Each structure stands twice: as C-alpha cells, then as structure tokens.
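Undergrad: Dropping a structure here in structure tokens format, bear with me for questions.
The values are calculated or read from the model by the stated rules, or taken from the named source; none is laboratory data. This structure is a prediction, so every number in the text was calculated from the model and none was measured. As a convention, Cβ positions derive from the backbone with ideal geometry for all residues, glycine included, and neighbour counts pool all protein chains shown.
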Amino acid sequence: MERTAIYPGSFDPVTNGHIDIIKRGLKLFDKIIVTILENPAKKSLFTVEERVKLLEKSITGNDNIEIASYGGLLVDYAVKRKAHAILRGMRAVSDFEFEFQMALMNRKLNREVQTVFLMTGLRWIFTSSSIIKEAVQFGGDIKSMVPAVVYAELKKKYQLN
C-alpha cells in the first residue's frame with residue numbers, strides 16, 4: 001500500500017524551509033500531496049493559483065510530489081485523497097502549541113489520519129513566509145531563503161529591482 005501524506009499550508013510564498021520538509025518527507029512517505037489550504041479570511045500576497053504555479057516551478061522532476069489546493073476540513077481531504085498522514089514542519093517551541101492543538105483536533109475528527117511532525121532543518125529554523133515577506137518589502141536580501149522563481153516573483157510584487 002502506498003504511504004501518502006498531505007503537507008498543508010498557505011505557502012504564501014513557498015520557502016526553502018518548506019522545500020526541505022517536502023524532500024525529507026519523501027524519505028518517510030511514497031507520495032506527498034502539497035496542499036494549499038484556501039482561507040478566504042486570510043489576506044494573501046499571492047493568489048492560490050499563483051502559489052500553485054510557484055510550487056510547481058519550485059519542485060520539479062519528482063513524480064511523487066503533487067501540488068493541489070483545498071478549501072475545507074483537512075482530514076476530509078486526506079480521506080478523499082487516500083492519505084493516511086498529515087505532514088507538518090515545526091521550527092521552534094513557539095510552533096508546538098498551535099500544531100499540537102491542530103493535531104489533536106484532526107485526531108478527534110478522524111482517528112485514521114495521523115499527524116507526523118518534522119523538525120525544520122537548522123538552516124531554515126528562523127524563516128517563515130511572513131518574515132520573508134516583511135524583509136523583502138523593505139529591501140532585505142532573502143535570495144537564499146526562497147527558490148529562485150519565488151525570489152523573482154517577490155521582487156515583482158514589491159516592485160523592487
């Protein structure tokens with residue numbers, strides 16, 4: 001049986017930390033469905049369609065990775081896609097409380113879907129999409145923190161040279 005995991009997030013934008021979790025997740029799972037969770041209440045820099053394209057361009061050459069989007073309960077989506085796990089990355093203790101609550105809620109909703117946490121690689125522990133967006137809009141050098149295609153699109157969004 002194929003071991004499939006859903007890796008959910010906003011990916012606004014995708015960072016090298018996200019890519020690291022995906023690559024390491026493939027050592028545990030046969031397939032990872034990177035899923036952009038649609039949240040109309042949240043103001044995003046990139047549209048869902050733009051984020052899908054950025055992810056597709058950032059992760060190439062691996063048939064075991066699928067990019068998708070979904071607006072609804074994550075555990076329902078996992079069942080629909082025949083995934084048995086939700087993959088989550090954790091950077092620091094500050095992530096733990098929120099992630100733990102989400103994992104417990106998902107477990108309450110569906111005991112068949114497990115949550116697996118991977119610690120973010122030390123190289124990416126301080127990065128987040130929010131911090132990257134804040135840094136780039138004020139001219140910070142974030143080139144090494146995101147895939148090249150994302151860097152180019154961030155420069156366009158913020159009209160930087």
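Undergrad: What tally of residues in the range 93-119 results from selecting those that are surrounded by fewer than 17 Cβ atoms within 10 Å (Cβ to Cβ), under 18 Å from ASP30 (Cα atoms) and β-branched (Val, Ile, Thr)?
TA: So the answer is 1.
Undergrad: Shifting gears a bit: If LEU28 passes every condition in (1) of a type in the set (A, V, I, L, M, F, W, C); (2) within 16 Å of the chain's Cα centre (by Cα); (3) surrounded by fewer than 19 Cβ atoms within 10 Å (Cβ to Cβ); (4) within 22 Å of LEU122 (Cα to Cα) but one, which one does it miss?
TA: For LEU28, the failing item is (2).
Undergrad: Within the range 36-82, how many residues turn out to be over 19 Å from SER10 (Cβ atoms) and either of a type in the set (Asp, Glu) or assigned to a loop (DSSP other than H, G, I, E, B) (or both)?
TA: Matching residues across the range 36-82 total 6.
Undergrad: Then there is this: Can you tell me which residues in the range 76-92 are crowded, with 19+ Cβ neighbours inside 10 Å and modelled with pLDDT under 95?
TA: Across the range 76-92, the qualifying residue is only GLY89.
Undergrad: Run HIS18 past the list (1) without any contact (Cβ under 8 Å) to a residue 40 or more places away in the chain; (2) part of a helix (DSSP H, G or I); (3) surrounded by 21 or more Cβ atoms within 10 Å (Cβ to Cβ) and report the number of the one that doesn't hold.
TA: Going through (1) without any contact (Cβ under 8 Å) to a residue 40 or more places away in the chain; (2) part of a helix (DSSP H, G or I); (3) surrounded by 21 or more Cβ atoms within 10 Å (Cβ to Cβ) one by one, HIS18 breaks only (1).
Undergrad: Among what's in the range 35-50 and is in contact (Cβ under 8 Å) with a residue 40 or more places away in the chain and more than 18 Å from ARG88 (Cα to Cα), pick the residue that is surrounded by the most Cβ atoms within 10 Å (Cβ to Cβ).
TA: Ranking the qualifying residues of the range 35-50, first place goes to PHE46.
Undergrad: Can I ask one more? Taking the residues in the range 58-75 that are touching a Pro at 6+ places or on another chain (Cβ under 9 Å) and within 18 Å of VAL150 (Cα to Cα) as candidates, determine which candidate is surrounded by the most Cβ atoms within 10 Å (Cβ to Cβ).
TA: Checked the range 58-75; the qualifying residue surrounded by the most Cβ atoms within 10 Å (Cβ to Cβ) is SER58.
Undergrad: Follow-up. Within the range 76-113, which residues are within 18 Å of ILE36 (Cβ to Cβ) and among the polar types (S, T, N, Q)?
TA: ASN106, the sole residue that qualifies.
Undergrad: Does ILE33 satisfy the condition of being in a helix (DSSP H, G or I) and in contact with a strand residue (DSSP E or B) (Cβ under 6 Å, 6 or more places away or on another chain)?
TA: no
Undergrad: Here is a further query. Inside the range 86-132, can you point out the residues that are among the hydroxyl-bearing types (Ser, Thr, Tyr) and either touching a residue at least 12 places away in the same chain (Cβ under 8 Å) or within 16 Å of SER144 (Cα to Cα) (or both)?
TA: Result: THR115, THR120, THR127, SER128, SER129, SER130.
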